[in-house]
Amino acid sequence: WTSPSGMPATGIFTPGADAPGSYTYTVNGPAPCPNSSATVNVAVNAAPNAGSNANASLCSTAPPVTLTTLLNGTPDQNGTWTDPSGNAIPGILNPTSALSGAYTYSIVGIAPCVSASATLNLTVNQQPNAGTIATVNLCNASPAIDLFQSLGGTPDAGGTWSGPNGPVASTTFTPGTSTPGAYTYTIAASAPCVNSTATVTVNVSAQPNAGTSAPLN
């Protein structure tokens, strides 16, 4: 046997180690018979590499991400993705509208190589919204207010409050009884999202006292 470069070969071809090309088998003929030869053309197709399975978490406010960067290993970039519902999707995912679940990356193999696939188990956590800061001005004779209703924006429920004197058990602020100052609303987030906070600043003014009416003779 001789290799494509004309060098002697063993007659055993190892894919990935030996060079593809034309391998010639020659049998010497006894004179006056000529030598006899035959050629084997060997083509080697690269096995597809889809990387390996991985788990990842994203926050809904994260920027778009290339999904192959979340897989383990060094996946080829010419594959296709399907979402948890089995729908084909682009390789760049926007977490704002993404579903949590199993995303599958597949690369079709060129025969006789078989196709390869890897699964990305993705969790998309929603960024909580504590609303926006607000200022409330009250009189000490004003009726009680609900601090949650005083927040700006559209805050999510289920958070906790802290005030000038520490944690607050009730969201009701009663002028003349509750302590004026900054009341902070906090919603804990699941990583990689971050906690969300907003503050309601309550100012209380004293009701003026003009005394009472009286006759003067």
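The values are calculated or read from the model by the stated rules, or taken from the named source; none is laboratory data. Here the structure is a predicted model, which is why all the values come from computation and not from measurement. We place every Cβ from the backbone using ideal geometry, glycine too, and count neighbours over all the protein chains shown. Please note that ligands, DNA and RNA were not included when accessible areas were found on the heavy atoms of the full protein model with its side chains. Shrake-Rupley method; radii C 1.70, N 1.55, O 1.52, S 1.80 Å.
I'm trying to understand the selection: among the residues of region 126-155, which are open to solvent by 70 Å² or more (accessible area, probe 1.4 Å), under 30 Å from Pro95 (Cβ atoms) and not aliphatic (A, V, I, L, M)? Step through it out loud before you land on a result.
Applying the first criterion (open to solvent by 70 Å² or more (accessible area, probe 1.4 Å)) to region 126-155 yields 126, 132-133, 135, 137, 141, 143, 149, 154.
Next, only the ones that are under 30 Å from Pro95 (Cβ atoms) stay: 126, 132-133, 154.
Listed by number, the residues that qualify are Gln126, Thr132, Thr154.
In region 6-19, is there at least one residue being open to solvent by less than 50 Å² (accessible area, probe 1.4 Å) and assigned to a strand (DSSP E or B)?
no
Report yes if Thr66 is open to solvent by less than 50 Å² (accessible area, probe 1.4 Å) and under 16 Å from the mean Cα position of the chain (by Cα), otherwise no. Steps first, please.
Numbers: open to solvent by less than 50 Å² (accessible area, probe 1.4 Å): no; under 16 Å from the mean Cα position of the chain (by Cα): yes.
The answer is no for Thr66.
Output the residue which, of all residues in region 156-171 that are modelled with pLDDT of 95 or more and polar (S, T, N, Q), is least open to solvent (accessible area, probe 1.4 Å).
Ser162
Is there any pair with a first residue in region 95-114 that is at negative phi and a second that is modelled with pLDDT under 95 and of a type in the set (A, V, I, L, M) whose Cβ atoms are under 6 Å apart and which are 6 or more apart or on different chains, and what are they?
Within 6 Å, the pairs are Cys113/Ala47.
Would you mind stating whether Thr123 is open to solvent by 20 Å² or more (accessible area, probe 1.4 Å), in a strand (DSSP E or B) and either touching a Ser or Thr at 6+ places or on another chain (Cβ under 9 Å) or at pLDDT below 95 (or both)?
The answer is yes for Thr123.
Please tell me if Ala56 is within 30 Å of Val194 (Cβ to Cβ), of a type outside the set (D, E, K, R), open to solvent by less than 50 Å² (accessible area, probe 1.4 Å) and part of a strand (DSSP E or B).
yes
Can you tell me which residues in region 172-217 are surrounded by 12 or more Cβ atoms within 10 Å (Cβ to Cβ), without any contact (Cβ under 8 Å) to a residue 60 or more places away in the chain and assigned to a loop (DSSP other than H, G, I, E, B)?
Answer for region 172-217, where residues must be surrounded by 12 or more Cβ atoms within 10 Å (Cβ to Cβ), without any contact (Cβ under 8 Å) to a residue 60 or more places away in the chain and assigned to a loop (DSSP other than H, G, I, E, B): Thr174, Pro175, Gly176, Ser178, Thr179, Pro180.
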